[in-house]
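So the structure is just underneath, and the comments pick up after that.
The values are calculated or read from the model by the stated rules, or taken from the named source; none is laboratory data. What you see is a predicted model; the values in this text were computed from it and never measured. Glycine gets a Cβ as well: all are built from the backbone with ideal geometry, and neighbour counts include every protein chain shown. These accessible areas exclude ligands, DNA and RNA; they are computed on the full protein's heavy atoms, side chains included. Shrake-Rupley method; radii C 1.70, N 1.55, O 1.52, S 1.80 Å.
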Amino acid sequence: MTQTRKLTIPNRSGEALAALLDLPVDGAPTAFALLAHCFTCTKDYKGLYHLSRALTAEGIGVLRFDFAGLGESGGIFADTGLLSNVEDLIAAAEFLAGRFEAPKLLIGHSLGGQAVLMA
């Protein structure tokens, strides 16, 4: 089982990034992971959803978010790119570190994987 919290994360451009924090229901997380979606996907991409559920089953808290201009996040998609995605990842990691703890695991799908490597 997982408990999910809706969050809003400010990025460096002042846009609101929509996020979901998935936590194990049976205790405090042993670590946190940050998941980054693909080029035109969102935090609700089915693969990330299932990966998050598998990680929370192992006691890991997971933060999923929409890059600026996608999903429920603010911003204009045409104004974004790989570098803005990297900045969004850093903002999400800093948010997580400031309120819980820094992510010990960064996972990205497709373009999100490239952004994770660059972050």
Q | Alpha-carbon gyration tensor eigenvalues x 5, square-rooted, for the chain, Å | A | 22, 14, 13
(Q) With a 1.4 Å probe and all protein chains left in place, how much of the accessible area of the chain comes from carbon and sulfur atoms, in whole percent? (A) 56
Q: Multiply the residue gap between residue 3 and residue 76 by 0.36 nm, knock off their C-alpha separation, and tell me the result in nm, one decimal place.
A: 23.3 nm
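If N is the number of residues in the stretch 74-116, what value comes out of its Cα radius of gyration divided by 2.2 N^0.38 Å? Mind showing how you got there, number by number?
Values: Rg = 11.3 Å, N = 43, 2.2 N^0.38 = 9.2 Å.
Taking N as the residue count of the stretch 74-116, the ratio is 1.23.
Applying 1/(1 + (r/R0)^6) with R0 = 30 Å to the Cβ-Cβ distance of residue 90 and residue 28, what FRET efficiency is obtained, to the nearest 0.05?
On the way: r = 25 Å, r/R0 = 0.83.
It comes to 0.75.
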Q. For residue 117 and residue 46 in the same chain, what is the full-extension length gain: residue separation times 0.36 nm, less their Cα-Cα distance, in nm?
A. 23.4 nm
Q: Describe numerically, in nm with one decimal, the distance between label points set 7 Å from Cα along Cα→Cβ at residue 12 and at residue 57.
A: 3.7
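Treat the stretch 1-45 as a sphere of radius equal to its Kirkwood radius over Cα pairs and apply Stokes-Einstein at 37 °C in a medium of 0.692 mPa s; give the translational diffusion coefficient in µm²/s, rounded to a whole number.
On the way: Rh = 12.3 Å.
Translational diffusion coefficient: 267 µm²/s.
How high is the relative contact order of the chain, given as a whole-number percent (alpha carbon pairs under 8 Å, six or more residues apart)? Don't jump to the answer; show the numbers that get you there.
Numbers: 255 pairs, mean separation 37.0, N = 119.
Here the relative contact order equals 31 percent.
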**Q.** Solvent exposure of the stretch 22-72 as accessible area per residue, Å², 1.4 Å probe
**A.** 41
